[in-house]
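One structure below.
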Number of protein chains: 4
Amino acid sequence: MVRVGILGATGYAGAEAVRILAMHPYFKVTAVASKSFEGSVFSDIYTNMKGVCDLVCDSSDIEAIAAKADCFISALPHAASQKIVASLIGAGKKVVDLSADFRYSSAETYERTYGVGHEFPELLKTAVYGLPEIARIKIKEAALIANPGCYPTCSILGLAPLITSGLISTGSININAVSGVSGAGRKADLNYQYCETDGNFAPYKIIGHRHTTEIEEQLSALMGNPVVVGFTPHLAPFKRGMLATIYVDTNTQSSTEELISIYKEYYKGEYFIRIREKGDIPSVKAVAGTNFADITPLYDERLGRIIIISAIDNLGKGASSQAVQNLNIMYGFDEKSGIAGAGLYI
Amino acid sequence: MVRVGILGATGYAGAEAVRILAMHPYFKVTAVASKSFEGSVFSDIYTNMKGVCDLVCDSSDIEAIAAKADCFISALPHAASQKIVASLIGAGKKVVDLSADFRYSSAETYERTYGVGHEFPELLKTAVYGLPEIARIKIKEAALIANPGCYPTCSILGLAPLITSGLISTGSININAVSGVSGAGRKADLNYQYCETDGNFAPYKIIGHRHTTEIEEQLSALMGNPVVVGFTPHLAPFKRGMLATIYVDTNTQSSTEELISIYKEYYKGEYFIRIREKGDIPSVKAVAGTNFADITPLYDERLGRIIIISAIDNLGKGASSQAVQNLNIMYGFDEKSGIAGAGLYI
Amino acid sequence: MVRVGILGATGYAGAEAVRILAMHPYFKVTAVASKSFEGSVFSDIYTNMKGVCDLVCDSSDIEAIAAKADCFISALPHAASQKIVASLIGAGKKVVDLSADFRYSSAETYERTYGVGHEFPELLKTAVYGLPEIARIKIKEAALIANPGCYPTCSILGLAPLITSGLISTGSININAVSGVSGAGRKADLNYQYCETDGNFAPYKIIGHRHTTEIEEQLSALMGNPVVVGFTPHLAPFKRGMLATIYVDTNTQSSTEELISIYKEYYKGEYFIRIREKGDIPSVKAVAGTNFADITPLYDERLGRIIIISAIDNLGKGASSQAVQNLNIMYGFDEKSGIAGAGLYI
Amino acid sequence: MVRVGILGATGYAGAEAVRILAMHPYFKVTAVASKSFEGSVFSDIYTNMKGVCDLVCDSSDIEAIAAKADCFISALPHAASQKIVASLIGAGKKVVDLSADFRYSSAETYERTYGVGHEFPELLKTAVYGLPEIARIKIKEAALIANPGCYPTCSILGLAPLITSGLISTGSININAVSGVSGAGRKADLNYQYCETDGNFAPYKIIGHRHTTEIEEQLSALMGNPVVVGFTPHLAPFKRGMLATIYVDTNTQSSTEELISIYKEYYKGEYFIRIREKGDIPSVKAVAGTNFADITPLYDERLGRIIIISAIDNLGKGASSQAVQNLNIMYGFDEKSGIAGAGLYI
């Protein structure tokens, strides 16, 4: 068993990583670190975990933590992750970082987007953007994986086959996305109180959401020239899951059937990508609690517009189960180990 | 008191009309008709109404019904509404029809969109599309009001100031809309069972939803030449309310401030239209249970794109309270009578 | 119009009082006070109220506030209410207090239950426990009304006919009650975050909830000798409403029909009490957003047990609309003014 | 791999069994039978299962089905299960039956409770009531397991330590229970439409729910003499999970600490029973999606009453994962195989 430690273990993404890894056939959770809950029993905070993971939360004292595991998932917030991840890498550990700290190729884009400085720009060169279906080979060799953001995972997986198909030109991509409330994290915040959120629906950060630059950087790399996207996130009253409705105008005649066939070809053999047939529309329910991405493209002949529906679990494929997928690849395990199951339908 | 009858009273929109009118200062509900529940006490079906409206449901026998009230709201489904509405109009009654049967200026568009024939094309000439903020004067004089669809109400109110501003050209309007589950109506349908819907989110009728032609006809009339729109509806897990995120590309330089000022000017004096200030984003919660439409435009300078957020209650401003607003206007009452209140915040 | 001020106006109960009174035919909201939001526009906090109540929140400076209205609803927390209520009473104002501060006949019970001292025990003598269906005559004459707690309103209304019927002896009353999340108030609290509450259900304060003594004091007064009750509250994932399932063992043979007839007789002429017929079970949905209490008793012959189901809206009949009902009585208005309507069914 | 077939595979309990067994290390799902969906691909009905179980649904032709698997879980409704289960047993297959058809020791109690005849009373003698924590040894040897009902599982596990402790006498047990909506099964039913259920809470079958006799028979067997219980089920707006608040009056002095110690001793070594410490209250959230039962007893000294809180997942420990637990035992596998994990916290 490979020993794995989780930093920021008591946030939602961290706790989800603990939950998944607690049942993993090849990893054993040997450390859970939490600044807020140092000294508490993990299963006193997440009562669902009683009997499943009863470890005591460590502080984030890097020396002590590093000794406890062979590899780490860091679920610390952006900026907080940088230093501790750098130390762990320095100590020869493998790390999957869920924050944005190592997702950009340039410190400048990071700093412009997140408004904080980057202290380890040299690590950006070796960090691999961990979207396995696109960068599997690099992930295999990497010590540091920058786990993609949830909206970027959903958007990039939905657009990659089209971007690389030659069917579209840049400049016409518009992403309308909807996330469940867990995306806001685990904290006491009036805006996400039950009575404020239930029965509500609204967009937020309508212009300038941080994930925009992440999506653009990755799509530009796939396309080979600069891609600009519109991105409008919304909050909906469900706990987990995410769906993007992506609009791409095109001058090339196509059909839904042709698009589906392009998508199927692109993702051939990918267990976690389910290209839905015509008329079988992706939904949050079908992916919640899983590492699957459900995608289907449609062609609107009247408007000359391609519409792609892409759905993932923001905490799963958009965070923690994708982190485990990355760990599986890094260690040469079957990529599906511990994350192959279907979600609860109800 | 003006006597009012509700046809299709046991559907959600019909029942909402009964609920509103039961407390109205100038109308008295004297008949509730329901094919499915003829002979039942209305408050045995809607137990919230016990003591508030305990009328026995009539059949839809047109002769009997016509004598019972001075005016009617028909909440019958499309196609089912045509004949009975025509009869009531023939009998000299005023009617607000919630179905699509009299919303189009041409029978051809109706027939193409709804796939059923129109037996009373001459009535299409006199029927008024009942969006009070746009057609108040005509509504005042009309005997037959075609109450707008929910998505069209939300979309048209959100676009009218821009359409008439000269800031945009046609062909670039894309409407992404989200509705609560009550939009599917009251019927036993596996797709809308609690366990199927809760925690879920997905688009439906991604291409070719019926409201598209209704929106296009009205916007074209406002614009003075043909307008084409993309329209993608989604279903979200809340009961009532609706929000549209509308994208309009423009070559004209603008600003959020300028747009808000255009919108405020256009809707000056309109009680039910609340143009939200910059940073104050419309939400379903703020309009659910009301006749308000909350709207705000934004200008995305980077993309040269205007984004309009428009929120209404699909059963309120998108159906029954707008029907009451129309009745108020038709009878010369204060337009706000019985529908002026704020919604339950929680 | 009688001028009314709301203290603690930005909590859920306060805001609900503002919402109801904004549409009231005889009261005009002239002051909204909020310690946390002094200086803010009320409708910036409760965006549903834009255009309906745009008053600026006052501080709770008692002198300034007192001059602004003829009567007040205080929605301040217990202990915080005492002094300001006493001042307003001293200034000759009528007050309905939603806190527990004036609900007990003795300061001792209050102090034991709430763990804080009572500085105005003499006011306890003149304060009237404001359950209109039981104490209407006293309410008419009172200057200070202690508005009942939500669980007590639900429980006492459900038990009063039985308690006074002679059918039961003391000592066998067991109240199992379930509340919506709004009962926890409006505050940033991790326990009531959407992701923590949605999909969850659990009891809390299983032994010793504060409302126990309030229920016991009132039932004892009705019975004429000491009544002891078991009371177990639960939290369920809905926003507003409350339902109690009350078990009373009895040695007297009875029948559901007889019990219903006793309940109907007891509440004859009471608009807001709806005794449900056999087989018509009260539900949260039927009362949410209203001032109604829906009640039905059943007789379980096999067990010799009476079961009473009682449902109210915790923010309505359990708080703010009952406060308005009390104000209506205190001012001699039609008791139903502004609160007669049915709730949103959906 | 042992081949397992699921009958009634497209109901919620059946589908949950398929989901669990699709990832099981020792069982392989080789047949899914569904009367309503014969010929359909299972993952077209449950879209979450795409790529995980894409079997075509068989009819329930018993000959054909029997050949396809070594053992079966029947998730058919009561009465429908009898004959097919008897045939499978006759064909030498092992069967876990989720219906009530083989739960009673006498056909008479079954017939009185369910209002249908029993055609295979001799099978009642060999069928084992499959509550592993109580009947593990018998389960090991059985060919036919009657999987317990959800409410009975929750209630009996919550009461067994107390019933066998000698602390209480009969006649004073009152079970107040709350279930999620999945308990109503998968069917188009107006009562469980999203708009009817969301935001609602109510009791149902307040007197005479069928599970009462099942609970009484099992508790009587544990006690050694007849036990009578009150049982009141409620429906709450969440999808899965169940919680019982059980009241037991006692004349014996006790303490919460003593009770917890009795419960811990009784369930010593039971992985799936988590006795919660004082102050750590069971909740639906902690058990949803799992095979755990979370239980804690409290002693209310003032009332001389023991209160037990017991929570399970109605589809998990109350149905399908318990069926898998039974299969694990019947085949001598590690009892936790495939069902050991914690539930999604969010």
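The values are calculated or read from the model by the stated rules, or taken from the named source; none is laboratory data. All figures in this text were calculated on a predicted structure; none of them were measured in a lab. Here the Cβ positions follow ideal geometry from the backbone for every residue, glycine too, while neighbour counts run over all protein chains shown. Ligands, DNA and RNA are excluded from the accessible area calculation, which covers all protein heavy atoms including side chains. Shrake-Rupley method; radii C 1.70, N 1.55, O 1.52, S 1.80 Å.
Remarks
- 10 Å Cβ neighbours from other chains, averaged over peptide B:38-50: 4
- Rounded to the nearest 5, the antiparallel percentage of DSSP beta bridges internal to the stretch D:2-126 is 5%.
- Summing Cβ point charges (Lys, Arg +1; Asp, Glu -1) relative to the Cα centre of the stretch D:86-161 gives a dipole of roughly 280 debye.
- ³J(HN,Hα), Karplus 6.51/-1.76/1.60, whole Hz, each residue of the stretch B:41-47, x for Gly, Pro: 6, 3, 7, 7, 8, 10, 5
- Shortest-first nm distances, C:Lys205 label point to equivalent points in other copies (7 Å, Cα→Cβ): 3.4, 3.9, 4.9
- Radius 15 Å from Cβ of D:Ser40, net charge of other residues (Lys, Arg +1; Asp, Glu -1): -3
- Å² per residue, accessible surface of the stretch D:221-346 at 1.4 Å: 28
- Here, the stretch A:2-126 yields an orientationally averaged convex hull projection of 7.4 nm² when only Cα atoms define the hull.
- Low-density loop cleavage sites - trypsin sites (Lys or Arg not before Pro) in the stretch D:214-272, where at most 10 other Cβ are within 10 Å (DSSP): D:Lys268
- Long-range HN-HN contacts of B:Phe27 with modeled amide H, under 5 Å: B:Val2
- Spatially near lysine pairs across the stretch D:151-314, Cα under 26 Å, sequence gap of 8 or more or different chains: 10
- Buried solvent-accessible surface, both chains (A, C), 1.4 Å probe, Å² to nearest 100: 1800
- Residue-by-residue Karplus 3J(HN,Hα) for the stretch D:297-304, coefficients 6.51, -1.76, 1.60, Hz, glycine and proline x: x, 10, 10, 9, 5, 4, 9, x
- Computed from backbone phi with θ = phi - 60° and the Karplus coefficients 6.51, -1.76 and 1.60, the 3J(HN,Hα) list for the stretch D:227-241 is 10, 10, 10, x, 8, 10, x, 10, 10, 10, x, 9, 7, 9, x Hz; x is used for glycine and proline.
- Chain B, dipole about Cα centre (Lys/Arg Cβ +1, Asp/Glu Cβ -1), debye to the nearest 20: 400
- Using the rule -39500 (n - 2.57) for each DSSP H run of four or more residues, divided by the residues of chain A, the 222 nm mean residue ellipticity is -9000 deg cm²/dmol.
- Building the convex hull from the alpha-carbon atoms of the stretch C:151-314 and averaging its projection over directions returns 9.8 nm².
- Highest-fluctuation residue, A:Gly117, A:Gly130, A:Gly180 considered, GNM on chain A with Cα pairs under 10 Å: A:Gly117
- Global geometry of the stretch B:145-216, whether rounded, prolate or oblate, following the gyration tensor of its Cα atoms and the 1.5 cut on a/c: prolate
- Relative to its residue count, the stretch C:293-346 spans a Cα convex hull of 115 Å³ per residue.
- Ascending list, in nanometres, of distances separating the B:Glu141 label from those of the other copies (7 Å, Cα toward Cβ): 6.4, 7.9, 9.3
- By accessible area, using a 1.4 Å probe on protein heavy atoms only, the stretch D:2-126 has 53% of its surface on carbon and sulfur.
- Antiparallel %, DSSP beta bridges [both residues in the protein assembly as shown], to 5: 45
- Each principal axis of chain D carries a Cα extent, and these read 61, 45, 38 Å when sorted largest first.
- Between B:Leu144, B:Leu123, B:Leu98, the Gaussian network model of chain B with springs among Cα atoms under 10 angstrom shows the greatest mean-square fluctuation at B:Leu123.
- Accessible area per residue in Å² at 1.4 Å probe, computed on the stretch B:2-126: 38
- Sequence-distant residues sharing a close amide H with B:Thr290 (under 5 Å, placed H): B:Asp313, B:Lys317
- Counted over the stretch D:151-314, the DSSP beta bridges are approximately 70% antiparallel.
- Shape of the protein assembly as shown, Cα gyration tensor, a/c cut at 1.5: rounded
- Nearest-20 debye value, the protein assembly as shown charge dipole, Cβ charges on Lys, Arg, Asp, Glu: 0
- Kirkwood-based Rg to Rh ratio, the stretch B:86-231, C-alpha trace: 0.99
- Among B:Asn200, B:Asn174, B:Asn291, the largest mean-square fluctuation in a Gaussian network model of chain B (Cα springs under 10 Å) belongs to B:Asn200.
- Each copy carries a label point for D:Ser40 at 7 Å from Cα along the beta-carbon vector; from one copy to the others these points are 2.7, 4.4, 4.9 nm apart, nearest first.
- Area of C:Glu38 that stays accessible when all protein chains are in place (1.4 Å probe, Å², to 10): 120
- Taking every alpha-carbon pair under 8 Å whose residues sit at least 6 apart, the stretch A:92-181 reaches a relative contact order of 30 percent.
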